[in-house]
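Input: a single structure, listed below in structure tokens.
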Amino acid sequence: MIDVCELLQINYPIIQGGMGNISNAQLTVAVSEAGGLGTIGCGTMDPGEVEKIILETKQLTAKSFAVNIAISVSPYTKDLIDLVIKHKIPFVSLSAGNPAPFIPLLHEHGIKVIALVASVKHAQKAEAAGADILVAEGFEAAGINSSLELTTFTLIPQIVEHVNVPVLAAGGIGDGRGLAAALMLGASGVQIGTRLIATKEAPFHEAYKNHLVQAEDTETMILGRSIGRVRRILKNPYAKRLHEQEQGGMTLDQYTEWTSEDKHIQGALKGDMENGFINSGQIAGLIDDVPTVKELFERMMESADEQLNFAAQEVKEIRFRAAKQGATVILGEKDI
């Protein structure tokens, strides 16, 4: 079994999700310094903007980090591939498109490839193309989402069963219980995004962080089904107007304009909830504080350890009770 921490040169099996045009060096550095794998998301930024973030990140940390390229979203995909090769970025995650055409070139330069997938079929194709790690993202995740609408709980074990490369779970994960659950489902680790927004190092508007802390379980909403461009965001005045517009009928061009990266920046960085939206996964309802990234990761690992030990003990006791009642129970060496 491949050790994902060894493969990614990290202490904890936690990587940062790409955050598109609101990506920044500060949070990327904080994640890598805390023992995870920080990620710079390219979104629709031009190579010059991305290069500035890469250089700033390199100045602030000697730790490894990744760059996420959204293949079908970015108009600069080929140029960004050249950029990560130029700067010898050790890990590249490819999302929103077919990674196959880019993997051989990245491998030629010693770059490990992380491919984001949302179904067994996608996972098998990415593995066959040479992806080193898969991130299987469930429908609970924030932002642009799969129209297949498969949940993390059902998606992870199916993908793990059909591939031989490490799989990281994404979507609805933001604490130690989620990490423990992902490991129990067969994942080798997790990718998180929304939970990292509400951290001290994340340079996002306080209104965004406060909204996450105050969010209830039903605080997110899905937009874009009628357009075939599914996205999960937090409810706010702008989201309400967008939903009403979609209900009344929207063209793809209109929807694209309403959900542009500029509108996301308006909400996430400027805190303007009347004129911009903010992405969020369903994990929002579990966020109730704003720790440092280091504190968050240490809590996640400690909690995951407790949860896994508790679950193991519970199963052992259930099996012994069943055996006493006359059920046929096969005991392992650890049970004797």
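The values are calculated or read from the model by the stated rules, or taken from the named source; none is laboratory data. All values derive from a computational prediction rather than experimental measurement. Neighbour counts are summed over all protein chains in view; Cβ atoms, including those assigned to glycine, are modelled from backbone coordinates with ideal geometry.
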Revision key, fill the gap. Considering the range 231-256, residues that are closer than 21 Å to Cys42 by Cβ and either touching a strand residue (DSSP E or B) at 6+ places or on another chain (Cβ under 7 Å) or free of Cβ contacts under 8 Å to residues at least 12 places away in the same chain (or both), and then whichever is surrounded by the most Cβ atoms within 10 Å (Cβ to Cβ), we arrive at Ile233
**Study point:** Filtered residues of the range 43-56 (kept if closer than 28 Å to Thr259 by Cα and either not acidic (Asp, Glu) or not in a helix (DSSP H, G or I) (or both))
**Key:** Gly43, Thr44, Met45, Asp46, Pro47, Gly48, Val50, Lys52, Ile53, Ile54
Revision key, fill the gap. Here the residues within the range 162-188 that are surrounded by fewer than 24 Cβ atoms within 10 Å (Cβ to Cβ) and closer than 19 Å to Asp132 by Cβ are His162, Val163, Asn164, Val165, Pro166, Gly186, Ser188
Exercise for review: Considering only residues that are of a type in the set (Gly, Ala, Ser) and within 22 Å of Gly172 (Cβ to Cβ), look in the range 297-322 and name the one that is modelled with the lowest pLDDT.
Suggested key: Ala311
Exercise for review: Could you give me the residue pairs with C-beta distances under 6 Å whose first residue belongs to the range 15-31 and is not assigned by TED's automatic domain parsing to the domain that holds Asn145, whose second residue is surrounded by 24 or more Cβ atoms within 10 Å (Cβ to Cβ) and of a type in the set (D, E, K, R) wherever it lies, and which are 6+ apart or on separate chains?
Suggested key: none
Practice item. Please verify whether the range 261-272 includes one or more residues that are surrounded by 12 or more Cβ atoms within 10 Å (Cβ to Cβ), at pLDDT below 90 and not basic (Lys, Arg). Key: yes
Check your understanding: Which number in (1) surrounded by fewer than 24 Cβ atoms within 10 Å (Cβ to Cβ); (2) out of contact with any Ser or Thr (no Cβ under 9 Å at 6 or more places or on another chain); (3) not hydroxyl-bearing (Ser, Thr, Tyr) marks the one condition that Gly36 misses?
Key -> (1)
Exercise for review: Given the conditions (1) in contact (Cβ under 8 Å) with a residue 12 or more places away in the chain; (2) over 21 Å from the mean Cα position of the chain (by Cα); (3) closer than 29 Å to Gly276 by Cα; (4) in a helix (DSSP H, G or I), report the number of the one that Leu80 does not fulfil.
Suggested key: (2)
Exercise for review: Give me a count of the residues in the range 10-42 that are at negative phi and part of a helix (DSSP H, G or I).
Suggested key: 11
Study note, to complete from the structure: Among residues of the range 323-336 being among the aliphatic types (A, V, I, L, M) and more than 39 Å from the chain's Cα centre (by Cα), the residue modelled with the highest pLDDT is Ala323
Check your understanding: Can you find a residue in the range 149-159 that is at pLDDT 95 or above, surrounded by fewer than 21 Cβ atoms within 10 Å (Cβ to Cβ) and in contact with a helix residue (DSSP H, G or I) (Cβ under 6 Å, 6 or more places away or on another chain)?
Key -> yes
